[in-house]
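Submitted below is the structure of interest, expressed as structure tokens.
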Amino acid sequence: MRKHLLIVGFLILAPISINAQKPTTPSASYIYESIQKLNFLGSVMYVAAHPDDENTRLISYISNQLKARTAYLSLTRGDGGQNLIGPELRELLGVIRTQELLAARRIDGGEQLFTRANDFGYSKNPEETLSIWNKEQVLSDVVLAIRKFKPDVIINRFDHRTPGSTHGHHTSSAMLSYEAFDLAGDKDFNSDLIKHASEWQPKRLFFNTSWWFYGSQENFENADKTNMINFDIGTYYPLKGMSNNEVAALASSQHLCQGFGRLAQRGSQQEYIELIKGEPLNGNDIFAGIDTSWNRIKGGKAIGDILYTIENNFNFKNPSTHIPQLIEAYKLLQNIDNKHWKTQKTKEFKAIIEMCAGLYLEASAETYSSSLNQNININIEALNRSNQNIVLESIMLWDGNTVNKNITLKNNQKQTFKTEYYISTEEDYTSPYWLNKKGSLGMYEVESKSLIGKPETPRSVNINFNLIINDFPLTITKNVTHRYSKPDKGELYRPFEITPEASAKISQKVIIFENDKPHDISIIVKAGKDNLEGYVEISHPNDWNVYPKNQKVFIKHKGEEQSLTFTIFPPKYQSEGFISPIVHIGDKAYSKELIEIKYDHIPFQTVILPSESKVVRLDIKKRGENIAYIQGAGDMVPESLEQLGYNVRILTLNEIDDQTLSKFDALVVGIRAYNTLDNIDFKQQQLFNFVADGGNMIVQYNTSYRLKTEQIAPYKLSLSRDRVTNENAEVRFLNPNHEVLNFPNKITQKDFEGWKQERGLYFANNWGDEFTPILSMNDKGESPKEGSLLVTKHGKGYYIYTGLSFFREFPEGVSGAYRLFANMLSLGKEDLKLEAKLND
């Protein structure tokens, strides 16, 4: 498991373990704050485009200071970004970022919502964004989110009035929110959504403005603030022992895959929101004119009379003394006609009663997973840590069985027992619901409308604890988890998951054949049950061959794997296609891969996706054999180069010296290395010396912000934010006779076909005369960009800077990207060989 620091003091903020779904153990302060939130009937929805777009300072302030129910609607899951902590990209990166958002919300007190929009990568304007997204569907999802959550106030992170000034996804999120504000209250808009959530009209729509949007602090100070509200988001919370900004910093620091770990801030700080639609302002209150007390709903006054008394006289030493009054108020709530507030506050009531009683209810499976048509053993633990009269009447398994108990839960006397749970053949596998069907470039396909907007797939293996508390029946539902321990980590939890009885994967997602010689590949079969027996075959393109046609598989224990070797025979000509393993068990065939995502800061994740690998027979030549690689933010380039037949060695900065570098023909610097490697500046001269002595140095893209050195090249070179997001943008050859386009492979326009997501990013925009620009390209309506590939001779070798997105194209098996990179590595190598022969 990759190791990352856990947040110290996390349980101060929320009684939820970062390790899956550990039963809560809240403090009295947390219970008191939960009662304060129970007594506030107002809600706010924050809207933006991606994970990390959200203003955690404002979300935390609204949730913890104003006590309002608060949600962040992120239109996408951030699938199109980079990953600073591991190799996962695209869909798997979206899974990680979803969980990082949920981790952030557990800290700042918000809830998390999504649409079906897919983050397809950087977009320069909303016109492009909304042409790739299905605008009608995303707008419908935003309306649905508003109707379900029913916010009184919506706050947009971005300005709908400034298209083209920021990421197209950003502006689009604001434009869609602006339009949805009115449509959510229109019963004629998408009337089929009404059955999922009734129409709702929010009161106000704000834009979360700041000096940044005005260009300078001075401009903002002089701006008209008539329609603005400001908050001191630096407020201190004695119950937490932390300020709001400290809470917010912990929340935003959960975005580890984006490198958002940051220092906490303390002290007074102003935050501004600008009214852009809805009821006029009245003072500095976003809820002005909105009754946020229990008087808001018919019959609510009697509930409020009880609850406000509890809040004003809260017993921090023994919260359980409030349970009789909480039950009395809970009974009154069940007679309320307002379905929305009844549903929401019932959920809060149950949680608070459970916390006040110190109830510890756990259902732990003896295994972390099961396949279908299996019985699993579950350990039940029930503990009442109060003097309240509580009886565990029964437990109801969601498989339909009920186990009667009628056990009195005496104060601090633990009750444990076992039960069996049947995983039926009707259950769905545990996997992110938005990945169950293949979507489009801009949209995820979700069959069930009831799932749209949910942050993750609801767990289906649950147990109802049917309790009698002071003669009042109350049911509390718990997800089944798996509790275990490790000597070096102590007690751990992970979600219980339903997986296929067999899954298979090919270790390489792209298999490159540089000639027509056969390759051996490994098929790894994983058992989801004991005594798995069957056979495996490989589906392949017609012009490719596989030997043998099938192989037997037998795995004795669940969770174990068996590796089978098949030989793949490519055609003699350039060709590409896909191969897929198929595992036959009895009369069933399994062709999906079980992917596990393990990081300490998020719960364990399993993703079930079609198992396939791209096979590419290349017409490719290369020079040089030994490649050094300096890793930056993480990519699959070293593995890709190895498939071309290169010997690749990953070097740490400490290993870089003249003697070590002399063993290599070329050195490749990974993406964003000059942004992430603190001491790389001290190695620059040695790297330049390597080039001068005849080596080739290829530097892949770095962001222009926070470079670790002022000189990333031996000559003048400045980076910009220039990029070409249209992966099909025309590529023009500025120097068609340059060696990099002709040796050892002739590069043509065909080599730029089939590129994915983008052409490239963070191109150079200013360079010395020593450099030769090779390519020109641009997005529609923009000036030509010539800094995507720059080459210069330095001594005997070559230095190359490239913003072309090889790190995206290699994992997709884009043949032209491989051919061009081989030419970059081969620059000058023929001359060196000739020189060596002459010297001999």
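Being more than 30 Å from Gly559 (Cα to Cα), modelled with pLDDT of 95 or more and more than 37 Å from the chain's Cα centre (by Cα) is the requirement here; does Thr321 meet it? Even if it seems obvious, please write down each step before you answer.
Numbers: more than 30 Å from Gly559 (Cα to Cα): yes; modelled with pLDDT of 95 or more: yes; more than 37 Å from the chain's Cα centre (by Cα): yes.
Yes.
Return the only residue of Trp211, Trp200 being surrounded by fewer than 21 Cβ atoms within 10 Å (Cβ to Cβ), modelled with pLDDT under 95 and on the phi < 0 side of the Ramachandran plot.
Trp211
Could you tell me whether Ala249 is in a helix (DSSP H, G or I) and touching a residue at least 12 places away in the same chain (Cβ under 8 Å)?
Yes.
Now for a separate question. Filter the stretch 684-720 for residues that are not in a loop (DSSP other than H, G, I, E, B) and not aliphatic (A, V, I, L, M); which is nearest to Ala633 (Cα to Cα)? Explain how you work it out, then say what you get.
First, pick out the residues of the stretch 684-720 that are not in a loop (DSSP other than H, G, I, E, B): 684-692, 696-699, 717-719.
Still in the running and not aliphatic (A, V, I, L, M): 684-686, 688-690, 696, 718.
On the way: Gln684: 18, Gln685: 22, Gln686: 22, Phe688: 22, Asn689: 24, Phe690: 23, Asn696: 21, Ser718: 20 Å.
Of everything passing the filter in the stretch 684-720, Gln684 is nearest to Ala633 (Cα to Cα).
Same structure again: Scan the stretch 237-246 residue by residue and report those that are in a loop (DSSP other than H, G, I, E, B) and either touching a Phe, Trp or Tyr at 6+ places or on another chain (Cβ under 8 Å) or exposed (fewer than 14 other Cβ atoms within 10 Å of the Cβ) (or both).
Within the stretch 237-246, the subset in a loop (DSSP other than H, G, I, E, B) is 238-241.
Within the stretch 237-246, Pro238, Leu239, Gly241 meet the criteria.
Taking the conditions exactly as written (closer than 29 Å to Lys614 by Cα and outside any strand (DSSP E or B)), does Asp769 satisfy them or not?
No.
If you scan the stretch 669-682, which residues turn out to be touching an Asp or Glu at 6+ places or on another chain (Cβ under 9 Å), crowded, with 19+ Cβ neighbours inside 10 Å and in a helix (DSSP H, G or I)?
Tyr674
Condition first: part of a strand (DSSP E or B), at pLDDT 90 or above and surrounded by fewer than 19 Cβ atoms within 10 Å (Cβ to Cβ). Can you find one or more residues in the stretch 616-627 that meet it? Quick ask: steps written out before the conclusion?
From the stretch 616-627, those part of a strand (DSSP E or B) are 616-617, 626-627; that's our starting set.
With the extra rule that they be at pLDDT 90 or above, the set shrinks to 616-617, 626-627.
Filter again for surrounded by fewer than 19 Cβ atoms within 10 Å (Cβ to Cβ), leaving 626.
The answer is yes, given that some residue of the stretch 616-627 is part of a strand (DSSP E or B), at pLDDT 90 or above and surrounded by fewer than 19 Cβ atoms within 10 Å (Cβ to Cβ).
Further question on the same structure: For the stretch 72-94, which residues satisfy the criterion of being surrounded by 23 or more Cβ atoms within 10 Å (Cβ to Cβ) and farther than 22 Å from Thr725 by Cα?
Tyr72, Leu73
If the requirement is being in the same structural domain as Phe578 (by TED's automatic domain parsing), surrounded by fewer than 17 Cβ atoms within 10 Å (Cβ to Cβ) and either in contact (Cβ under 8 Å) with a residue 60 or more places away in the chain or outside any loop (DSSP other than H, G, I, E, B) (or both), which of these qualifies: Tyr535, Tyr484?
Just a single option satisfies the conditions, and that option is Tyr535.
Let me ask something else about it. Among the numbered criteria (1) without any contact (Cβ under 8 Å) to a residue 12 or more places away in the chain; (2) under 14 Å from Asn462 (Cα atoms), which one does Ile395 miss?
(1)
Pick from the stretch 710-725 the residues that are polar (S, T, N, Q) and in contact (Cβ under 8 Å) with a residue 60 or more places away in the chain: which of them is surrounded by the fewest Cβ atoms within 10 Å (Cβ to Cβ)?
Here the residue is Ser720.
Looking only at the stretch 394-416, filter to residues that are charged (D, E, K, R) and more than 41 Å from the chain's Cα centre (by Cα); which one of those is surrounded by the most Cβ atoms within 10 Å (Cβ to Cβ)?
The selected residue is Lys405.
For the subset of the stretch 445-481 comprising residues that are polar (S, T, N, Q) and part of a loop (DSSP other than H, G, I, E, B), which member is farthest from Asn389 (Cα to Cα)? Talk me through it step by step, then tell me what you get.
In the first step, residues of the stretch 445-481 are kept if they are polar (S, T, N, Q); the result is 448, 450, 457, 460, 462, 464, 466, 470, 475, 477, 479, 481.
From what's left, part of a loop (DSSP other than H, G, I, E, B): 448, 457, 460, 470.
Numbers: Ser448: 42, Thr457: 36, Ser460: 31, Asn470: 5 Å.
Here the answer is Ser448.
How many residues does the stretch 252-272 contain that are free of Cβ contacts under 8 Å to residues at least 40 places away in the same chain and either surrounded by 15 or more Cβ atoms within 10 Å (Cβ to Cβ) or closer than 30 Å to Asp600 by Cα (or both)?
So the answer is 6.
The values are calculated or read from the model by the stated rules, or taken from the named source; none is laboratory data. On a predicted model such as this, the values are computed, not experimentally measured, just so you know. Please note: Cβ atoms are built from the backbone with ideal geometry, for glycine as well, and neighbour counts cover all protein chains shown.
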